[in-house]
Amino acid sequence: MAQTQLKHIKLYEDSVEKTEFLFDELPEEIQDEIVDRESESIRNSTELVEDHDWNEEVLAGFELGMGEMGWENVEVSYSGFYSQGDGASFTGDLTDGEKKRTFVKEVLGMDKFPDVIIDRITFHINRGDSRYVHENSVKLEIDDEERDYNDPSTEEVEIQSFLDVVVNVNVDSMIDKIEGKASKWLKTTCIKLYDDLQEAYENYIESISDPESIADYFRSEEILFNSEGEEI
């Protein structure tokens, strides 16, 4: 009796059409269609930019480098990587005396610039009101901490020329020279940051859109499909 019931159950199960399939239960051509479809969806997605795992190494390295240079309160903003207005930029402050000298003389390449002027200024990178965050959305500004606009004597400082002659120089004109060089450095640095972020993102997309990675994901998560390869 029991054997007869089991036989009937087996016959019934065989007669019922299967409607749910694991990835490896599907024909190979259906598997290929699923993988191709998923790969294209990943590559066309704009939402994966918000997955911040891919950008950690770039941002950590950038903030570390800026910190070693003396920049404080560094905050990075970026958008990408699909439209003309995309880009990256950052804000921060440079106020440490020795770090300022190194920045001007070594980073900006102004090795002959007088310390007496460097020591009285601070650097600040500020963001404007633009809705964009590319390299042109921030501006480098230099504050003269010793300038008193009610005191004309603060307009100039004495420096020793290369001929050992002491001369008076206008502080504002000297600051303008630094500001020009520093602004170019800021723009170049922002563009380099964006390029590094874009490369990291493209590598991330490449890794998760790889056919084998997609197939492994469907297997490990035991995703179910219908006979046409559509996810249930």
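Nothing in this text is a laboratory measurement; each read-out follows from the coordinates by a stated rule. Please read all numbers here as calculations on a predicted model, not as lab measurements. We place every Cβ from the backbone using ideal geometry, glycine too, and count neighbours over all the protein chains shown.
Points worth noting:
- Cleavage-rule hits, chymotrypsin sites (Phe, Trp or Tyr not before Pro), the stretch 94-197, DSSP coil, Cβ neighbours within 10 Å at most 13: 149, 162
- Cα Rg, Dmax (largest Cα-Cα span) when computed across the chain, Å: 30.9, 118
- In plain terms, the residue of 79, 45 with the fewest other Cβ atoms within 10 Å comes first and the most crowded comes last, giving 45, 79.
- Sorting 20, 156 by the number of Cβ atoms found within 10 Å of their own Cβ, with the fewest placed first, yields 20, 156.
- Once the Cβ-Cβ distance of residue 153 and residue 188 is raised to the sixth power relative to R0 = 45 Å, the FRET efficiency obtained is 0.75.
- Gyration tensor verdict on the stretch 107-180 (Cα atoms; rounded if a/c is under 1.5, prolate if a/b is larger than b/c, oblate otherwise): oblate
- Available extension along the chain between residue 119 and residue 164 is 14.1 nm, counting 0.36 nm per residue and deducting the alpha carbon span.
- Unit charges on C-beta of K, R, D, E only; dipole of the stretch 58-203, Debye: 520
- Relative contact order of the chain, pairs being alpha-carbon contacts under 8 Å that are 6 or more residues apart, as %: 27
- Estimated at 0.36 nm per residue, the fully extended path between residue 93 and residue 75 surpasses their Cα-Cα distance by 5.5 nm.
- The share of C-alpha pairs in the stretch 138-232 whose separation exceeds 18 Å stands at 72 percent.
- For the chain, the longest piece that avoids every one of the trypsin sites (Lys or Arg not before Pro) found in DSSP loops with at most 10 other C-beta atoms within 10 Å covers 132-232.
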